[in-house]
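The values are calculated or read from the model by the stated rules, or taken from the named source; none is laboratory data. This one's a predicted model, so the numbers in the text were calculated from it and none came from an experiment. Neighbour counts are summed over all protein chains in view; Cβ atoms, including those assigned to glycine, are modelled from backbone coordinates with ideal geometry. Note: accessible area is taken over every heavy atom of the protein model, side chains too, but ligands, DNA and RNA are not part of it. Shrake-Rupley method; radii C 1.70, N 1.55, O 1.52, S 1.80 Å.
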Amino acid sequence: MRYSALVKSVRIGLLGVGTVGRSVARALAERRDVLSRAVGAPLLLQRAAVRDLSRDRGIDAALLTADARSIVQADDVDLVIELIGGEEPARTLIAEALQHKKPVVTANKRVVAWHGPQLAQLAAQRGVELRFEAAVGGGIPLIAPLTDDLAANRVLELRAIINGTTNYVLGRMAAAGLSMADAVREAQDAGYAEADPTEDVGGYDATYKLAILASIAYEIKVRPDEIYREGIEGIEPVDFRYARELGYAIKLVAHTQRHTGRVEARVHPAMISLDHPLARVEGAENAVFVEGDLVGKVLLMGQGAGGRPTASAVVGDLIDLARSIRRGVQSRPSFSFDDRIGVVPIGEVKTRAYYRIRVDDRPGVLAAIGQVFAEEGVSISSFIQKDAWSHDTTAELVVTTHPSLDASLQNARARMERLEPVHAVSSFLRVF
Ligand code: NDP
Ligand code: HSE
């Protein structure tokens, strides 16, 4: 290690001074003394990169450059914080900083989810560390609890709400009966959802975050494209009414569970019992429910986004790395991954399900549907006729099942859609 206790200050290169970067810069300035005491040396913002140099960033303009590469290569920068976002040039800049033996803190879920293991390996080769506490769950401590505090455990299961935008949207649909389009617009006005909400609504953001959590929890490499993903697009206001009557809330759930030699990893909207703590996570909050074999069940909850909460996690990583620089030691061991463990295909996952089916309101329809479930080996838990419409003599059926193979549940759905009296399987949700 090239650093020593003789280090007088730790000089920081900040890439990106947007929502999070600005909050980080402000925390460094406003908490200078506290941070200096925590580290044992002053933390100095040495240089910062943005695209547009003409805008005021609330920091000394002389520190700013539009050339981010010059920061990761600079001899007067000890540590790099990447808060640019997106895949490129962020990934390349992180890799270059590590190559130059600079520890890196990032909040970039996309880069960590897709390239985390390779970057961690590069960091280990160069004798420095890569930290990414803020990449999942904003300000909620999640990575450190999994790598450090719960390290004595085998993680058995992790179930989470890790996308604030969709939790806000689903909450507003449930509470105020808003359509999804109106709820998304409201989330945009409130500053939660982006102008293009696809990454959140489509479940991609949650998939990146689950890939990171599962990789850390099980010490295996879980890529985002190995995780089964469904967004919240298909859910309608009526589903919330039926869910409540059945004793459930509807949430976008990220779920992973250990099986012998494999793990389950999926992101999709699901019904979750009103008794479960995740059912009570409101608005844009995030929560992660972890079960370890020693500790039992642990719930971590808080603000999953926003400049200040995310800066809290970034600066927390920064303090730890700056202490390592001061002491000339590496505080966490390098990651190691077991390549023999893979992800269970969704068809082989066992789950309960809810179907909402629009059918002709006439004799024999229930029997035909019941036969499909029987032939697919799916045991029905409840079969209820809900609303009926006299103008076209149709009715809405709600079916819930006992745990079954997901492939059988999907086959039943496809076969029902082909039945003559079935107009549509309007909704299909897995049930926890
Ligand atoms: P912003 O878009 O607000 O800020 C990005 C910053 O990076 C801007 O200052 C931008 O410059 C700068 N930038 C972009 N490209 C370049 C480039 N090529 N060279 C130099 N500077 C560049 O993003 P956020 O602050 O919201 O997010 C930052 C990271 O934090 C992302 O990875 C995000 O996923 C993550 N994160 C964000 C959260 C949040 O609540 N916002 C929560 C958790 C994680 P300019 O201003 O000139 O355009
Ligand atoms: N877009 C994310 C969310 C926040 O809605 O939770 C950043 O990770």
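Could you count how many residues in the stretch 399-422 are open to solvent by less than 60 Å² (accessible area, probe 1.4 Å) and closer than 11 Å to VAL359 by Cα? Quick ask: steps written out before the conclusion?
Quick first cut of the stretch 399-422, residues open to solvent by less than 60 Å² (accessible area, probe 1.4 Å) only: 399-401, 404, 406-410, 412, 414, 416, 419, 421-422.
Retained after the next criterion (residues that are closer than 11 Å to VAL359 by Cα): 416, 419, 421-422.
Here the count works out to 4.
Looking only at the stretch 132-150, filter to residues that are open to solvent by 30 Å² or more (accessible area, probe 1.4 Å) and in contact with a helix residue (DSSP H, G or I) (Cβ under 9 Å, 6 or more places away or on another chain); which one of those is farthest from ligand 2 (Cβ to nearest atom)? Reasoning before the result, please.
So in the stretch 132-150, the residues open to solvent by 30 Å² or more (accessible area, probe 1.4 Å) come out as 141, 147-149.
This time we only want the ones that are in contact with a helix residue (DSSP H, G or I) (Cβ under 9 Å, 6 or more places away or on another chain), so: 141, 147.
Values: PRO141: 15, THR147: 20 Å.
The extreme case among them is THR147.
So ALA107 fits all but one of (1) open to solvent by less than 10 Å² (accessible area, probe 1.4 Å); (2) within 16 Å of ligand 2 (Cβ to nearest atom); what number is the exception?
In the conditions (1) open to solvent by less than 10 Å² (accessible area, probe 1.4 Å); (2) within 16 Å of ligand 2 (Cβ to nearest atom), ALA107 misses (1) alone.
Here's the yes/no breakdown for (1) out of contact with any Lys or Arg (no Cβ under 8 Å at 6 or more places or on another chain); (2) within 16 Å of ligand 1 (Cβ to nearest atom); (3) outside the structural domain of VAL290 (by TED's automatic domain parsing):
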residue: ASN153; (1), (2), (3): yes, no, no
residue: LEU156; (1), (2), (3): no, no, no
residue: ARG159; (1), (2), (3): yes, no, no
residue: ILE162; (1), (2), (3): no, yes, no
residue: ASN167; (1), (2), (3): no, yes, no
residue: LEU170; (1), (2), (3): no, no, no
residue: GLY177; (1), (2), (3): yes, no, no
residue: GLU186; (1), (2), (3): no, no, no
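Pick from ARG415, ARG340: which is at pLDDT 90 or above and among the basic types (Lys, Arg)? Let's see the steps before the verdict.
Numbers: ARG340 fails: at pLDDT 90 or above.
Of the residues listed, the single one that is at pLDDT 90 or above and among the basic types (Lys, Arg) is ARG415.
Which condition number does ALA305 fail, the rest of (1) open to solvent by 50 Å² or more (accessible area, probe 1.4 Å); (2) at pLDDT 95 or above; (3) under 20 Å from the mean Cα position of the chain (by Cα) being met?
Only one criterion in (1) open to solvent by 50 Å² or more (accessible area, probe 1.4 Å); (2) at pLDDT 95 or above; (3) under 20 Å from the mean Cα position of the chain (by Cα) is unmet by ALA305, namely (2).
Pick from the stretch 233-279 the residues that are free of Cβ contacts under 8 Å to residues at least 60 places away in the same chain and within 20 Å of MET180 (Cα to Cα): which of them is surrounded by the most Cβ atoms within 10 Å (Cβ to Cβ)?
ALA279
Could you please give the count of residues in the stretch 33-65 that are open to solvent by 60 Å² or more (accessible area, probe 1.4 Å) and among the aliphatic types (A, V, I, L, M)?
Of the residues in the stretch 33-65, 5 are open to solvent by 60 Å² or more (accessible area, probe 1.4 Å) and among the aliphatic types (A, V, I, L, M).
Residue by residue through the stretch 413-432, note down the ones that are more than 24 Å from ARG159 (Cβ to Cβ) and assigned to a helix (DSSP H, G or I).
Residues of the stretch 413-432 that are more than 24 Å from ARG159 (Cβ to Cβ), as a first pass: 414-426.
Listed by number, the residues that qualify are ALA414, ARG415, MET416, GLU417, ARG418.
Among (1) in a helix (DSSP H, G or I); (2) within 29 Å of the chain's Cα centre (by Cα), where does LEU14 come up short?
So the condition that LEU14 fails would be (1).
Need at least 1 residues that are under 15 Å from the mean Cα position of the chain (by Cα) and closer than 21 Å to ILE140 by Cα per element, so show me which helices (runs of 4 or more DSSP H) inside the stretch 187-297 make the cut, counting only ones lying wholly within it. Full working, then the answer.
Numbers: elements: 198-201, 204-218, 237-246.
Helices (runs of 4 or more DSSP H) meeting the threshold: 198-201, 204-218.
Given the condition more than 16 Å from ligand 2 (Cβ to nearest atom) and of a type in the set (Lys, Arg), answer yes or no: does some residue in the stretch 119-131 qualify? Don't jump to the end; show me each part of the working.
So in the stretch 119-131, the residues more than 16 Å from ligand 2 (Cβ to nearest atom) come out as 119-131.
From what's left, of a type in the set (Lys, Arg): 126, 131.
Within the stretch 119-131, one or more residues are more than 16 Å from ligand 2 (Cβ to nearest atom) and of a type in the set (Lys, Arg).
Across the stretch 311-343, what is the number of residues that are closer than 24 Å to ILE161 by Cβ and either more than 16 Å from ligand 1 (Cβ to nearest atom) or outside the structural domain of ALA38 (by TED's automatic domain parsing) (or both)? Break it down into steps so the answer makes sense when it comes.
Step one: of the stretch 311-343, the residues closer than 24 Å to ILE161 by Cβ are 311-314, 316-317, 343.
Restricting the remaining residues to those that are either more than 16 Å from ligand 1 (Cβ to nearest atom) or outside the structural domain of ALA38 (by TED's automatic domain parsing) (or both) gives 343.
Matching residues across the stretch 311-343 total 1.
Kindly provide the set of residues from the stretch 288-315 that are more than 16 Å from ligand 2 (Cβ to nearest atom) and touching an Asp or Glu at 6+ places or on another chain (Cβ under 6 Å), ordered by number. First the steps, then the outcome.
Residues of the stretch 288-315 that are more than 16 Å from ligand 2 (Cβ to nearest atom), as a first pass: 289-299, 315.
Result: GLU291, LYS297.
If ARG26 passes every condition in (1) touching a residue at least 40 places away in the same chain (Cβ under 8 Å); (2) within 16 Å of ligand 1 (Cβ to nearest atom); (3) in contact with an Asp or Glu (Cβ under 9 Å, 6 or more places away or on another chain); (4) basic (Lys, Arg) but one, which one does it miss?
All conditions pass for ARG26, except number (3).
Which of the residues belonging to the stretch 181-209 are over 26 Å from ALA134 (Cβ atoms) and crowded, with 19+ Cβ neighbours inside 10 Å?
ALA183, the sole residue that qualifies.
Restricted to the stretch 155-169, and to residues that are within 15 Å of ligand 2 (Cβ to nearest atom) and not in a loop (DSSP other than H, G, I, E, B), which residue is most open to solvent (accessible area, probe 1.4 Å)?
Here is the first cut: in the stretch 155-169, the ones within 15 Å of ligand 2 (Cβ to nearest atom) are 160-169.
Of the ones still in play, those that are also not in a loop (DSSP other than H, G, I, E, B) are 160-161, 164-169.
On the way: ALA160: 0, ILE161: 2, GLY164: 14, THR165: 11, THR166: 2, ASN167: 4, TYR168: 38, VAL169: 1 Å².
Taking the candidates together, the pick is TYR168.
Taking the stretch 46-100 on its own, how many of its residues are of a type in the set (Val, Ile, Thr) and over 25 Å from the mean Cα position of the chain (by Cα)? Reasoning before the result, please.
Of the stretch 46-100, the ones of a type in the set (Val, Ile, Thr) are 50, 59, 65, 71-72, 77, 80-81, 84, 92, 94.
Add one more test, that the residue is over 25 Å from the mean Cα position of the chain (by Cα), and what stays is 50, 59, 65, 71-72, 77.
Selection size over the stretch 46-100: 6.
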